[in-house]
Amino acid sequence: MKSLTICAAVFPLLFGGCALHPLGPLDKAPDHQAAHLKGYAPFAWGISTSSLQYENKAVSPENPEYYVRDWDLLVQQKKAPIVGNALYSWSDWNKDLAALKKIGVTHYRFSIEWARVEPSPGKYNEKAVLGYVRMCRKLREAGIEPVVTLWHFTFPAWLTDPKDSSKTNWLNPQARNHWNLYVSKMVKATAPYVNFYAPENEPNGQVLTAYIIGLWPPCHIFDFKGYEAATIASADMFRDAAARIKEVKPSAKVLSVEALPWWEPAPLDPGGLLYNTVMHSNFDHLDRVYDVCDIIGFNYYYSQMAGPLSLLSEGMKHGPNFTMMGWRIDPKGLGKQIRYVGKRYDKPMMITENGIATKNEQKRLSYLRDHIAQIRMAMDDGYDVKGYFVWSLADNYEWHYGYVPKFGLATMDPKTKARILKPAAYYYRDVIRTSNRLQQVSPNP
Ligand code: BGC
């Protein structure tokens, strides 16, 4: 997703002659001192997944469990690879749980599929609601904190307006009302077992991919008006969700999950246009919601120069310093981002996703080790990092790239559906054990 994100930001500047963000640089970060924020415990050692990328679903419209997501429409239009049964995480979720227990995570972030719960407007599938409640209960029984994401990129297909795509998803006039009802329902149902809710996963990346790059529904290209409107709508809906969560369970923690690659200014960027553009894409949504977040969560995978050459070749680079996605491996970028976010918002932070697509297991292990080491260094400098989540439990469906990229700490045995742990899973298990024993983040167990 990210590579395409970048090109999109570049084209209007190079060829359209207009800046994506005529607003210029971001407002100056508030001059906070994060130095007073310290401490290890409690630290969340987690793994993140999402519903569409893991769960199987009913195939026949006759099945009472049947539902359709906007992504299914995209697959039908042959604009995205077939999802199929993904990792069978609906019918065989106990396999996920078994792997999580083996690894010894303290937290598990997964998402609820809105369409599964509300297959048509106002009609809820109570069996599906109970299925998610059961997952939360089982996790808790296993001593694992569920971290529930209420939206991870996909919408019920009934929020797609086939006649007027400008009224699709976030911008559908029905969306906000139904979202509030859906959020209330799911939070009420899961609250006995859940202390952490993330209303949205990477809304900043999704809106860019949907309105500028044109790859995700409603597939608009360079639709700056739509981009801005969807950013505002998604932020408003985030704030609504945060309010619902606090109403139902005031002690629950609200978590943002934003896509925050680290951007370096580049020499070939007159007036800093590209740099300002990508910084806006990183922070415009978060700036609108940070005050209702207890924890600033963000996903970090790579760093990049905000210059035309680097942006245009995004995703095409290979070699020891790049992942299968062509993303530059830069653990120090994570350290810089923690410091930037810590100063900008002055709140506790969690790295809600970090991981690598690779078939080289040694490379995966080094990637994790080097990023975890950066967290430790930032914490030693006084930054309040409260958790780290690996993306992802097993090799899964990676949106436009289908099943090719390998992000998993495990693979799935196609016959038994068991998750077979890779070496990095055992490394991560040992990091968790050692860190908890020493009461400090320990990249070298
Ligand atoms: C998303 C995941 C995705 C991962 C790797 C994030 O953008 O939250 O759904 O699979 O990064 O690209």
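Read-outs throughout are calculated quantities, based only on the coordinates presented, and are distinct from any laboratory measurement. Please read all numbers here as calculations on a predicted model, not as lab measurements. All Cβ positions, glycine included, derive from the backbone under ideal geometry; neighbour counts span all protein chains shown.
Within the straight-line cut-off of under 16 Å between alpha carbons, the aspartates and glutamates reachable from residue 79 are 70, 398, sequence neighbours fewer than 8 places apart in one chain being disregarded.
Taking every alpha-carbon pair within the stretch 296-423, the share separated by more than 22 Å comes to 41 percent.
State the extension gain, in nm to one decimal, for the chain segment bounded by residue 332 and residue 102, taking 0.36 nm per residue of separation less the distance between their alpha-carbons.
Numbers: separation 230, 0.36 × 230 = 82.80 nm, distance 2.97 nm.
Answer, rounded to one decimal: 79.8 nm.
Relative intensity of the stretch 328-368 on a log10 scale, I(q)/I(0) at q = 0.23, 0.30, 0.32 Å⁻¹, equals -0.81, -1.07, -1.14, per a Debye sum over C-alpha point scatterers of equal strength in the absence of solvent. With the alpha-carbon atoms of the chain aligned to their principal axes, the span from lowest to highest coordinate is 58, 57, 43 Å, starting with the largest. Taking amide H as placed 1.01 Å from N in the peptide plane, the amide H of residue 420 sits under 5 Å from that of 411, 412, 413, each at least 5 places away or on another chain.
Per-residue ellipticity at 222 nm, computed for the chain from helices alone with -39500 (n - 2.57) per DSSP H run of at least four residues, works out to -12500 deg cm²/dmol. Counting lysine pairs in the stretch 318-414 that sit 8 or more residues apart in sequence, or on different chains, and whose Cα atoms lie under 29 Å apart gives 17. Here the stretch 86-114 is scanned for amide nitrogen atoms under 20 Å from the site 7 Å beyond the Cα of residue 439 along Cα-to-Cβ, giving 106.
Dimensions of the stretch 125-243 from C-alpha coordinates, computed as largest minus smallest value along each principal axis and given longest first, are 47, 24, 24 Å.
Determine the relative contact order of the chain: mean sequence separation of Cα pairs under 8 Å and six or more apart, normalised by residue count, in whole percent. Don't skip to the answer; put the middle values down first.
Details: 895 pairs, mean separation 91.0, N = 445.
Computed over the chain, the figure is 20 percent.
Dividing the mean sequence gap of close Cα pairs (under 8 Å, 6+ apart) by how many residues the stretch 105-231 holds gives a relative contact order of 25 percent. Each other residue within a Cβ distance under 11 Å of residue 418 adds +1 if Lys or Arg and -1 if Asp or Glu, for a net charge of +2. Counting lysine pairs in the stretch 151-303 whose alpha carbons fall under 15 angstrom apart, excluding pairs fewer than 8 residues apart on the same chain, gives 6. Based on C-alpha pairs under 8 angstrom that are at least 6 apart in sequence, the stretch 297-445 has a relative contact order of 21 percent.
Among residues other than residue 220 whose Cβ falls under 14 Å from its Cβ, what is the net charge (Lys/Arg +1, Asp/Glu -1)? Surrounding charge for residue 220 is -2.
Residues whose amide H falls under 5 Å from that of residue 303, counting only those 5 or more places apart or on a different chain, are 262, 328, 330, with hydrogens built in the peptide plane. The Cβ shell under 13 Å around residue 155 holds other residues with a net charge of -2, Lys and Arg each +1, Asp and Glu each -1.
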